[in-house]
Amino acid sequence: MSATPVAVVQAGSVLFDSGATLTKAETLIAEAAAGGARLVVFPEAFVGGYPKGADFGARVGSRTPEGCKLFRRYFEDAIDVPGPATARLGEAARSHNVWLVMGAIERDGGTLYCTVLFFGPDGALAGKHRKLMPTAMERLIWGFGDGSTLPVIETGFGRIGAVICWENYMPLLRTAMYAKGIQLYCAPTVDDREVWPATMRHIALEGRCFVLSACQWSASEKIGGGSLIVGPLGKVLAGPNYEGECILTAEIDVGETAEGKFDLDVVGHYARPDVFRLEVNEGKGSMPAGTAL
């Protein structure tokens, strides 16, 4: 299989202005595509924003009116899926003939979700993943995803999926993605700690997959980047970058994932299913698959 150019975008949202953020995204998609990228990966919560440091006036047992108004502002800037924002993103993917992986804050009824959206080069919304386990204060502003949004999608040059930020520390979720045959493991995040690249290298080596981690970089929100691309034996192919907004690129040969699994396939010949077994509920909500809510 010939090498495929891929890109990871390290950039920050225009917080509380999704319209301006979408315009920025369109420019960055065009730039990545001009460099030859066939897959473009954006950070967690890029559209809709990650309000780092905000407490929304919350204390145990109380919320302030000012905090509620700030949440309203955040809620009103989130996007509907599908909706006008996804139409714009789909058109950007179609215009530049790329697969697009975009972090967004999704509004569904009265609840927000930290979501990753997948768009094909035909502009269609090919799938979405809602973050299963928001971390710490995130649980106040975002709902919990479920097993119905754990897609791994065939692109024609490899199977893509996404695991968001600290979901990557959930061993069973990683195993579920490996079992689905993920080859291009996208890890949108806002984790800019120096230990994050070690996590990404571990996952690449464990899953024998390419890992594309896109982190926001924003001086105003104090998010410091650290995006990187890692090969299936843990070799860093691009990044990490902590210096500012950028687009990281690499040429990848998805066939290398088979080379890696020659001696380690954690859901195959290395799995020991006689000892261990993973069950995944892919139904909506807490109900088993096939049960209506």
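The values are calculated or read from the model by the stated rules, or taken from the named source; none is laboratory data. If you're wondering where the values come from, they're calculated on a predicted model, not measured in any experiment. Please note: Cβ atoms are built from the backbone with ideal geometry, for glycine as well, and neighbour counts cover all protein chains shown. Calculation scope for accessible area: heavy atoms of the full protein, side chains included, ligands and nucleic acids excluded. Shrake-Rupley method; radii C 1.70, N 1.55, O 1.52, S 1.80 Å.
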Taking springs between alpha-carbon atoms closer than 10 angstrom, which of Ser13, Ser218, Ser227 fluctuates most in the Gaussian network model of the chain?
-> Ser218
At a probe size of 1.4 Å, how large is the accessible area of Thr23, to the nearest 10 Å²?
-> 70
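What does DSSP give for the chain in terms of the percent of beta bridges that are antiparallel, rounded to the nearest 5?
Details: 33 of 48 bridges.
Beta bridges within the chain, antiparallel portion: roughly 70 percent.
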Would you compute, from DSSP H runs of 4+ residues alone, the mean residue ellipticity of the chain at 222 nm, taking -39500 (n - 2.57) per run and dividing by the full residue count, rounded to the nearest 500?
-> -7500 deg cm²/dmol
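Tally Lys and Arg at +1 and Asp and Glu at -1 over the other residues with C-beta under 13 Å from the C-beta of Tyr169: what net charge comes out?
Counting the neighbours of Tyr169, the net charge comes to 0.
What's the Kirkwood radius of the chain in Å, using all Cα pairs? Intermediate values should be presented prior to the final figure.
Details: mean 1/r = 0.0520 Å⁻¹.
One decimal place: 19.2 Å for the Kirkwood radius.
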The distance between the Cα centres of the stretch 67-88 and the stretch 151-211, in whole Å, is 27
Springs between alpha-carbon atoms under 10 Å, Gaussian network over the chain: tell me which of Leu184, Leu140, Leu112 tops the mean-square fluctuations.
-> Leu140
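Carbon and sulfur: what percent of the stretch 212-282's accessible surface (1.4 Å probe)? Let's see the in-between values first.
On the way: 2110 of 4070 Å².
Carbon-and-sulfur percentage of accessible area, whole number: 52.
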Considering only protein heavy atoms, what is the solvent-accessible area of His96 at a probe of 1.4 Å, reported in Å² to the nearest 10?
-> 70
Provide the per residue accessible area, probe 1.4 Å, for the chain, rounded to a whole number of square angstrom.
-> 44
Can you send over the carbon and sulfur percentage of the accessible area for the stretch 1-152, probe radius 1.4 Å, protein chains only?
-> 54
Among all stretches of the chain without exposed trypsin sites (Lys or Arg not before Pro) (DSSP loop, at most 13 other Cβ atoms within 10 Å), which one is longest?
-> 1-192
Can you list the GluC sites (Glu not before Pro) in the stretch 184-223 that are in a DSSP coil and have 15 or fewer other beta carbons within 10 angstrom?
-> Glu194
Sorted by accessible area with a 1.4 angstrom probe, largest first, how do Leu173, Leu132, Leu278 fall?
-> Leu278, Leu132, Leu173
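If you take every residue apart from Lys131 with its C-beta less than 14 Å away from the C-beta of Lys131, what net charge results, scoring Lys and Arg +1 and Asp and Glu -1? The partial results should precede the final answer.
Numbers: positive: Lys128, Arg130, Arg139; negative: Glu44, Glu106, Asp108, Glu138, Asp146, Glu167, Asp191.
My count for the surroundings of Lys131 gives -4.
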Neighbourhood charge, 15 Å Cβ-Cβ cut-off, centred on Asn241 and excluding it, Lys, Arg +1 and Asp, Glu -1 | -4
For the chain, set up a Gaussian network in which alpha carbons nearer than 10 Å are linked by springs, and say which option among Tyr113, Tyr50, Tyr169 fluctuates the most.
-> Tyr169
For the stretch 208-213, Karplus couplings with θ = phi - 60° (6.51, -1.76, 1.60), whole Hz, Gly/Pro x = 6, 9, 7, 10, 10, 9
Under a 1.4 angstrom probe, counting protein chains only, how are Trp196, Trp217, Trp99 ranked by accessible area, largest first?
-> Trp217, Trp99, Trp196
